[in-house]
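The structure appears below as structure tokens.
The values are calculated or read from the model by the stated rules, or taken from the named source; none is laboratory data. Everything quoted here is computed from the prediction, not taken from an experiment. Virtual Cβ from ideal backbone geometry, glycine too; neighbours counted across all protein chains shown. Protein only, heavy atoms only, side chains kept; ligands, DNA and RNA dropped before computing areas. Shrake-Rupley method; radii C 1.70, N 1.55, O 1.52, S 1.80 Å.
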Amino acid sequence: MLQEGQLGANLQIASDSEAYESAIWKARSVGVEKLARNVIRGSITVNVVASMGVFHPALLPAEWSYLQQAVALVMWSILIYASVFVRPRVRVQLNPDLIALVAFYALAAISVLWTSLAVAAIMKSAALVVTTFGAYCLITRIDMDEIVGSTALGFFILVAASALCAVFVPEIGVDQSWMHNGQWQGIYESKQTLGFISAYLMFFACYQKMTGQGWIAFLATFLLALTCVIASESRGAGAVAVAACGLLVTSMWSIRCMRVYAVLPFIMCILAALLFLYFYLTGYDSIHLGESTIDLTERTFIWQYAISHFNDAPLLGFGINGFWTRPSIYDYFNQNHGWVLDNYHSGYIAVAIETGFLGYLLFVASVYLFSEKVLYLIATRSINRCHCALIIGFVVLSFQSNFTETMFLRSTMFTSVLLVACFFAVCRPVPQQPLQP
């Protein structure tokens, strides 16, 4: 564990866990509030287990996969109801950062109106509203460390179950396909899912160690997650895990590093836009570097195909869940490639295609204001240092992952909703003038 002297000056002036008075919230008995807090923590763990990926068909038939989303929504409903009985701990203020964030998610939710209004799209839009409000309730009701503890427990259950499945039930836990033969996929239908879940567990394990967890618990958790990252042979997950853990450690050591990392999400949005323009202007379905061609295991085929349809709905996009559900779009890709996934494999492209130029502009604006606000909170020492490092690290981890996987605008995936909660966490009041050190 890092010593206090190594951590430097604490950035906390007004504690994140300090309660504030609300004209709406009414005092509850200590027993009721404690029970509600336990319910919230339990719902987080169940939510993580249920929502982080599609289970292997041998464990849950494909036609029953909607049960995972149903369980996740029930857990969010329980969390929202339980939050009524818990005193708020963080106050969110109506500033430009909050306005931009809410405007983006409001646009995404109402974009269902210009889709074919399929039941799946309507349900996804409604779920996005519920989980976005749930993210607000989550971050304003319980402490960040409690959220991490419950989240890490859920990831540990998933990773441990996957490791056991790979060792003792290899016909399920080990990918038998010709492309990924011998690679672990655990309880999931995809090795990438196991890789990224393990990467998240490594990140949260590092945070818990740096905030006081014992070495035995840390090593057991971290090494289990590392084993699954290596055995799944997910290079993207491995890179994300190393980068995120390194970012977290260096943030705790250096305020200067923390400031640099705070602007990375905005920089990644710009890089994603440049990548978008590359495919839009060239028409290539892969990245050409000299004589080399990079297709990122054919992900670039999907990116170029989606971007080639941008002009069909440039301003507001195709609407949430409105692109791949069009038979002509789905079938044409399938005919040309012999396979099709209703997945962009890029969160940035998902935002641009489903919410259009306006949606991407609001998205980038909210990210810019997030980075600016974090820098201001650091400068005024208005946020707990450990929590600040955690928020920055998790946001960077999420934005990095979205270059090759679609996690933005996922209505029930817990990490996608937790990302929104991290954005809400910095939408707090700030001192009018910087305080003297």
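Tally up the carbon and sulfur contribution to the accessible surface of the stretch 138-290 as a whole percent, 1.4 Å probe, everything protein left in place.
Details: 4620 of 6570 Å².
Its accessible area is 70 percent carbon and sulfur atoms.
Output the 0 to 90 degree angle, nearest 10, between the alpha-carbon long axis of helix 119-141 and the longest principal axis computed from the alpha carbons of the chain.
In the chain, helix 119-141 runs at an angle near 20 degrees to the longest axis.
I need the peptides 30-38, 394-402 ranked by packing, meaning the mean over residues of other C-beta atoms within 10 angstrom, with the highest value on top. List each step's numbers first, then the result.
On the way: 30-38: 13.7, 394-402: 23.0.
Result, highest mean first: 394-402, 30-38.
Take the Cα coordinates of the stretch 113-155, assign each an equal point scatterer, and use the Debye formula without solvent to give log10 I(q)/I(0) at q = 0.15, 0.22, 0.25, 0.27 Å⁻¹.
-0.54, -0.76, -0.84, -0.90
Suppose the chain between residue 315 and residue 116 were pulled fully straight at 0.36 nm per residue; how much longer would it get relative to their current alpha carbon spacing?
Values: separation 199, 0.36 × 199 = 71.64 nm, distance 1.75 nm.
Value of the extension gain: 69.9 nm.
Cut-off 10 angstrom, C-alpha nodes, Gaussian network model of the chain. Which of 189, 171, 405 fluctuates the most?
For the chain, modelled as a Gaussian network with Cα springs under 10 Å, the answer is 171.
Would you report the distance distribution of C-alpha pairs in the stretch 215-260 as whole percents per 10 angstrom bin, up to the bin with the largest distance?
Result, from short to long distances: 25, 41, 29, 5 percent.
Show 123, 75, 252 ordered by accessible area, largest first, where the area counts protein heavy atoms only and the probe is 1.4 Å.
Largest accessible area first, the residues go 123, 75, 252.
Protein chains only, probe 1.4 Å: how do 164, 94, 219 rank by accessible area, largest first? Don't jump to the answer; show the numbers that get you there.
Details: 164 105, 94 130, 219 75 Å².
I get 94, 164, 219, largest accessible area first.
Debye sum, Cα scatterers, the stretch 254-301, no solvent: what log₁₀ I/I(0) at q = 0.23 1/Å?
After summing over all Cα pairs, the log10 values are -0.83.
Return the Rg/Rh value of the stretch 125-213, two decimal places, where both radii are evaluated on C-alpha atoms and Rh is the Kirkwood radius.
Taking Rh as the inverse mean 1/r over Cα pairs, Rg/Rh reads 1.10.
Just subtract the alpha-carbon distance of residue 64 and residue 294 from 0.36 nm times their residue separation and send over the number in nm, one decimal.
Working: separation 230, 0.36 × 230 = 82.80 nm, distance 3.65 nm.
This chain segment gains 79.2 nm when fully extended.
Round to the nearest 10 and report in Å² the accessible area of residue 278, as given by a 1.4 Å probe over the protein chains' heavy atoms.
We get 60 Å² for residue 278.
Students sometimes get this wrong: rank 344, 81, 330 by accessible area, probe 1.4 Å, all chains present, largest first. Mind dumping the intermediate values first?
Numbers: 344 10, 81 150, 330 80 Å².
Descending accessible area places them as 81, 330, 344.
Largest first, please: the extent of the C-alpha atoms of the stretch 289-437 along each principal axis, to the nearest Å.
64, 35, 30
Going by amide H atoms built from the backbone, whose H comes under 5 Å of the H on residue 187, apart from near neighbours?
Counting only residues 5 or more places away or on other chains, the set is 162.
Give me the Å³ per residue figure for the convex hull around the C-alpha atoms of the chain. All intermediate terms of the calculation are to be shown ahead of the outcome.
Numbers: hull volume 68.6 nm³, N = 437.
Convex hull volume per residue, Cα atoms: 157 Å³.
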